[in-house]
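The values are calculated or read from the model by the stated rules, or taken from the named source; none is laboratory data. No experiment lies behind these values; they were computed from the predicted model shown. Note that each Cβ is placed from the backbone with ideal geometry, even for glycine, and that neighbours are counted across all protein chains shown. Heads up: the accessible areas ignore ligands, DNA and RNA and are worked out on the full protein's heavy atoms, side chains in. Shrake-Rupley method; radii C 1.70, N 1.55, O 1.52, S 1.80 Å.
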Number of protein chains: 2
Amino acid sequence: MTIKDIARLSGYGIGTVSRVLNNHSDVSDKARKKIMGVIEESNFQPNSNARQLKRQAASSLSIIVKGNQNMLFADILEKMQMLLSKNGEIAEVSYIDEDANEVECALMLCRERNPKGIIFLGGNLDYFDEFEGIDVPCILVTNSAGSLNISNLSSFYTDDEAAAYKVGSYFIKKGHKKIGVVGGILSATQISSLRYAGCIRSFQENNIPFDEKKGYVQCRFSMEDGYQAMKKLLKNMPDVTAVIALSDTIAVGAMRAICDAGKKVPDDISVIGFDGISLSNYCIPRLTTIKQDTEKMAREGVELMLRQIHYPDEGRDVSIPFKLLERESVRNL
Amino acid sequence: MTIKDIARLSGYGIGTVSRVLNNHSDVSDKARKKIMGVIEESNFQPNSNARQLKRQAASSLSIIVKGNQNMLFADILEKMQMLLSKNGEIAEVSYIDEDANEVECALMLCRERNPKGIIFLGGNLDYFDEFEGIDVPCILVTNSAGSLNISNLSSFYTDDEAAAYKVGSYFIKKGHKKIGVVGGILSATQISSLRYAGCIRSFQENNIPFDEKKGYVQCRFSMEDGYQAMKKLLKNMPDVTAVIALSDTIAVGAMRAICDAGKKVPDDISVIGFDGISLSNYCIPRLTTIKQDTEKMAREGVELMLRQIHYPDEGRDVSIPFKLLERESVRNL
DNA sequence: CTGAAAGCGCTTACAG
DNA sequence: CTGAAAGCGCTTACAG
């Protein structure tokens, strides 16, 4: 069933059918009615490849999410889609692996789907040197792209270094001196490096001794990895009293490992996570964590995108305030 | 940059360029080399809309996932993608809302992307009466489509009724008599209805009194909803000793609510979940749950899809055995 | 082995 | 308000 069939069936030309399909105003009511009838009856749906090919015009937005299982991104995505649909925009979302190249993915999207704009949930700055092929407005969320200085690339991010510094300082203020860090593979993700750097700075400024070899166990962002990393940390530092987990997911795994080692959170070991995903408020004990303001990231990101679609604009690089949520997983020493 | 430019730049015709692009054998080495050089140099990428429009031939598989935050589906998806890529197949995945119409989505995909086959992760049988427009092989996972009798629709599922029956009976065998059920909105999801029916059957066969009005609190599949539902159940049935949560996510919320009410799992109240997602093994206490065999679902689903792509075949409706994982959230009464 | 041409299903000036 | 026609960027018989 093609537009030709509809034209034949309705007795009009394909041009008129196309106009009806695209809601143009210059069609007689009679023609519109007749054609609509045939379309509905035959359940016709225009071929979107032909449509895209012809109009070369952008139809929707694209969102690229790094990681299938990332609960933080799932949260932001949900909020963004709500805002977008409230503004009459549709977004196609593509999930890629946590380590995959998002810019390559964006390039492909540009060719195939021709989006009006692209939102990246998570990103690795290393990949962005191929960015020149992309000329629609882009927004990167949770990472800063400020250092790249690309005019059609904005970013909304949490200051991870400062957040981690706050976590470290908080532990120290609570009297902790034997602090360990689990999670994040430094070479792979900027977020980990930034958070780790913040931890280190807090230790140094407060003269807290820290043995990088023993006190820091790298791992991927999953519960199982957090679990294994914590077990290792417990071996490296049997007297550890406070653990900074570089994400909530890792923290949940770490708390389980602490429990399995016969210790209690926070009585024996205190734990703080990052992100503030929903789970952090339902685990037992409730996790003290850095809450990223996903609400604000989603809102400001979408607003800027909507604006830029219409009026090309300078890129922005906006740090979104975070908050340390004090809950049940930390005790005073 | 189009195929025409490449033809001009290389001194060959567009037909030859196209043949090189599609790896046809009937091209001279000289031409291939020259053209490849130009392609690489100019970083040319064929327009996939034109390609799709022309060849009308299926290129990849599609996977439709119902729910962004569904950790069970994320797990199955990951396994399927691994298997698919091992077999040289690529799958495009589309996420839709937990309540959205997956058949509508599939129909759109068929028009736009022309997939070789479609895999549904989750599905609502009510939507499948519009299925006739789809004629590629389809696989539905975690639901049974057997009752539909559609020849190009197979399903791999857990027998939810039997699983719930087993959970109910297990509690009863452990001496529990005051049993509550949280989660799942019966009118919205078949899975909930099936699981609930299994619970009821176990109660009836064992003469356990059950007041549907008080003992069953419906809720959506999230921790927050599980939390609220459990609070309500606690009010309805202050003497409840065992809770069947219709998913692990709900169970985690429920355990938190129990804890906030000053009670302990499993000492005061036992909890069992469904699905066996990763989290169920890291929460405190570890959750006793029905483990769906995602490994097997993924493997058998992908295998059948691969076979059907090549040799059209009858649909199958296969129940995948589940397992009750006995962990730490249940006690003997 | 190669090129010229038809055609995939649409949209949109253009002419009436 | 409407139709005939050009053309989006490809692929693939067809003819050589």
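Return the equivalent ellipsoid semi-axes of segment A:84-226 as a descending list in whole Å, where each equals the square root of 5 times an eigenvalue of the C-alpha gyration tensor.
36, 15, 14
Taking the Cα centroid of segment B:38-93 and of segment B:112-190, what is the distance between the two, rounded to the nearest whole Å?
Taking the Cα centre of each part, segment B:38-93 and segment B:112-190 sit 25 Å apart.
Put +1 on the Cβ of each Lys and Arg and -1 on the Cβ of each Asp and Glu in the protein assembly as shown; which of A:Ala229, A:Ile150, B:Ile150 then has its Cα farthest toward the positive end of the dipole?
A:Ala229
Give me the distance in nm between label points sitting 7 Å out from Cα along the Cα-to-Cβ direction at A:Ser60 and B:Asn23, one decimal.
3.0
Taking beta carbons within 10 Å but only from partner chains, what does the mean come to for residues A:258-266? Write out the running numbers ahead of the final one.
Working: counts 1, 4, 2, 0, 0, 0, 1, 1, 0.
The shielding value for this peptide is 1.
What does the charge dipole of segment A:218-333 about its Cα centre add up to, to the nearest 20 debye, if the Cβ of each Lys and Arg holds +1 and the Cβ of each Asp and Glu holds -1?
380
Can you give the extra length, in nm with one decimal, that the chain gains between B:Glu132 and B:Leu333 once fully stretched, where that is 0.36 nm per residue apart less the Cα-Cα distance? Write out the running numbers ahead of the final one.
Details: separation 201, 0.36 × 201 = 72.36 nm, distance 5.24 nm.
The span from B:Glu132 to B:Leu333 would gain 67.1 nm if fully extended.
Using a probe radius of 1.4 Å on heavy atoms only, what accessible surface per residue do you get for segment A:266-333? Whole Å² is fine.
I get 44 Å² per residue for segment A:266-333.
Which order do the peptides A:188-200, A:18-30, A:37-49 come out in when sorted by mean C-beta neighbours inside 10 angstrom, highest first?
Result, highest mean Cβ count within 10 Å first: A:188-200, A:37-49, A:18-30.
Tell me the total accessible area that A and B bury against each other, 1.4 angstrom probe, in square angstrom rounded to 100.
Rounded to the nearest hundred, the buried surface is 3400 Å².
Got a number for carbon plus sulfur as a percent of chain B's accessible area, 1.4 Å probe?
For chain B, the apolar C and S fraction of the accessible surface comes to 49 percent.
Report, ordered by chain and residue number, the lysines lying within cross-link reach of A:Lys54, taken as a straight Cα distance under 18 Å and ignoring same-chain residues fewer than 8 apart.
A:Lys4, A:Lys116, B:Lys4, B:Lys54
Are any of the pairs A:Lys263/B:Lys178; A:Lys296/B:Lys264; B:Lys30/B:Lys79; B:Lys66/B:Lys291 more than 31 Å apart by Cα-Cα distance, and if so, which? Walk me through the numbers on the way to the answer.
Details: A:Lys263/B:Lys178 33 Å; A:Lys296/B:Lys264 36 Å; B:Lys30/B:Lys79 43 Å; B:Lys66/B:Lys291 20 Å.
In this structure, A:Lys263/B:Lys178; A:Lys296/B:Lys264; B:Lys30/B:Lys79 exceed 31 Å between Cα atoms.
Of A:Phe120, A:Asn49, A:Met71, which is farthest towards the positive pole of segment A:18-123's charge dipole, taken about the Cα centre with +1 and -1 on the beta-carbons of Lys, Arg and Asp, Glu respectively?
A:Asn49
About its Cα centre, what dipole magnitude does the protein assembly as shown give when the only charges are +1 on Lys and Arg Cβ and -1 on Asp and Glu Cβ, stated in debye to the nearest 20?
With only Lys, Arg, Asp and Glu charged at Cβ, the dipole is about 540 debye.
Take segment A:3-46, drop everything but the C-alpha atoms, weight them equally and run the Debye formula without solvent; then report log10 I(q)/I(0) at 0.17 Å⁻¹ to two decimals.
Ignoring solvent entirely, the Cα scatterers give -0.35.
Return the aspartates and glutamates within reach of A:Lys214: Cα separation strictly under 13 angstrom, same-chain partners fewer than 8 residues apart disregarded; answer none if there are no such residues.
Cα-Cα hits under 13 Å: A:Asp239.
Note every residue of segment B:107-133 with a reduction of at least 10 square angstrom in accessible area, all protein chains present versus the isolated chain, computed with a 1.4 Å probe, or write none.
Relative to the lone chain, where solvent access is computed with a 1.4 Å probe, segment B:107-133 loses at least 10 Å² at B:Arg111, B:Glu112, B:Arg113.
Which percent of Cα-Cα pairs in the protein assembly as shown sits in each 20 Å bin, short to long?
16, 45, 32, 7, 0
So which residues in segment A:27-49 end up with at least 20 square angstrom less accessible surface once the other protein chains are there, compared with the chain by itself, probe 1.4 angstrom?
Those residues are A:Gln45, A:Asn47, A:Ser48, A:Asn49.
Work out how much length B:Glu326 to B:Arg8 would gain on full extension: take 0.36 nm times their residue separation and subtract the Cα-Cα distance, in nm to one decimal.
That pair, B:Glu326 and B:Arg8, stretches by 107.6 nm at full extension.
In a GNM of chain B with a 10 Å cut-off on Cα contacts, which of B:Arg316, B:Arg51, B:Arg32 has the highest mean-square fluctuation?
With Cα springs under 10 Å in chain B, the top fluctuation among B:Arg316, B:Arg51, B:Arg32 is at B:Arg32.
Name the most mobile residue of A:Cys283, A:Cys110, A:Cys219, meaning the one with the largest mean-square fluctuation, in a Gaussian network model of chain A with Cα contacts below 10 Å.
Of A:Cys283, A:Cys110, A:Cys219, the most mobile in the Gaussian network model is A:Cys283.
Looking at chain B from every direction and averaging, what is the projected area of its Cα convex hull in nm²? Walk me through the numbers on the way to the answer.
On the way: hull surface 78.8 nm².
With every direction weighted equally, the projected area is 19.7 nm².
Give the average, rounded to an integer, of partner chain Cβ atoms located within 10 angstrom of each Cβ in A:271-284.
Other-chain Cβ atoms within 10 Å of each residue's Cβ, averaged: 4.
Give me the Kirkwood hydrodynamic radius of segment B:1-129, using the inverse of the mean 1/r over all pairs of distinct Cα atoms, in Å to one decimal.
17.2
Which of A:Lys86, A:Lys66, A:Lys174 moves most in a GNM of chain A, Cα contacts under 10 Å?
Fluctuation is largest for A:Lys86.
Bins of 10 Å, beginning at zero and ending with the bin holding the largest distance: percent of Cα pairs per bin for segment B:263-329, please.
With 10 Å bins starting at 0, P(r) equals 19, 35, 21, 16, 8, 2.
Of B:Lys166, B:Lys213, which has the most accessible area with a 1.4 Å probe, and how do the rest follow in descending order? Kindly include the intermediate steps, with their values, before the conclusion.
Values: B:Lys166 90, B:Lys213 180 Å².
The ordering from most to least exposed comes out as B:Lys213, B:Lys166.
Where does segment A:160-291 land on Rg(C-alpha)/(2.2 N^0.38 Å)?
Ratio of Cα Rg to 2.2 N^0.38 Å: 0.91.
For the residue pair B:Lys177 and A:Gln190, what label-to-label distance in nm results when each label sits 7 Å from Cα along the Cα-to-beta-carbon direction?
6.4
Under a point-charge model restricted to the Cβ atoms of Lys and Arg (+1) and Asp and Glu (-1), what is the dipole moment magnitude of segment B:160-291 relative to its Cα centre, in debye to the nearest 20?
240
Tell me the accessible surface of B:Tyr165 in square angstrom (1.4 angstrom probe, heavy atoms of protein chains only), to the nearest ten.
60
Over segment B:225-278, what number does the Rg to Rh ratio reach, with both radii from the alpha-carbon atoms and Rh per Kirkwood?
Rg/Rh: 0.93.
Excluding ligands, DNA and RNA, what is the solvent-accessible area per residue of segment B:1-51 at a probe of 1.4 Å, expressed in Å²?
64
At a probe size of 1.4 Å, how large is the accessible area of B:Met108, to the nearest 10 Å²?
Result for B:Met108: roughly 70 Å² accessible.
Give me the 1.4 Å probe accessible area per residue for segment B:171-260, excluding ligands and nucleic acids, in Å².
In whole numbers, segment B:171-260 has 41 Å² accessible per residue.
Over the whole of A:93-101, what's the average partner chain Cβ count within 10 Å per residue? Rounded to a whole number, please.
2
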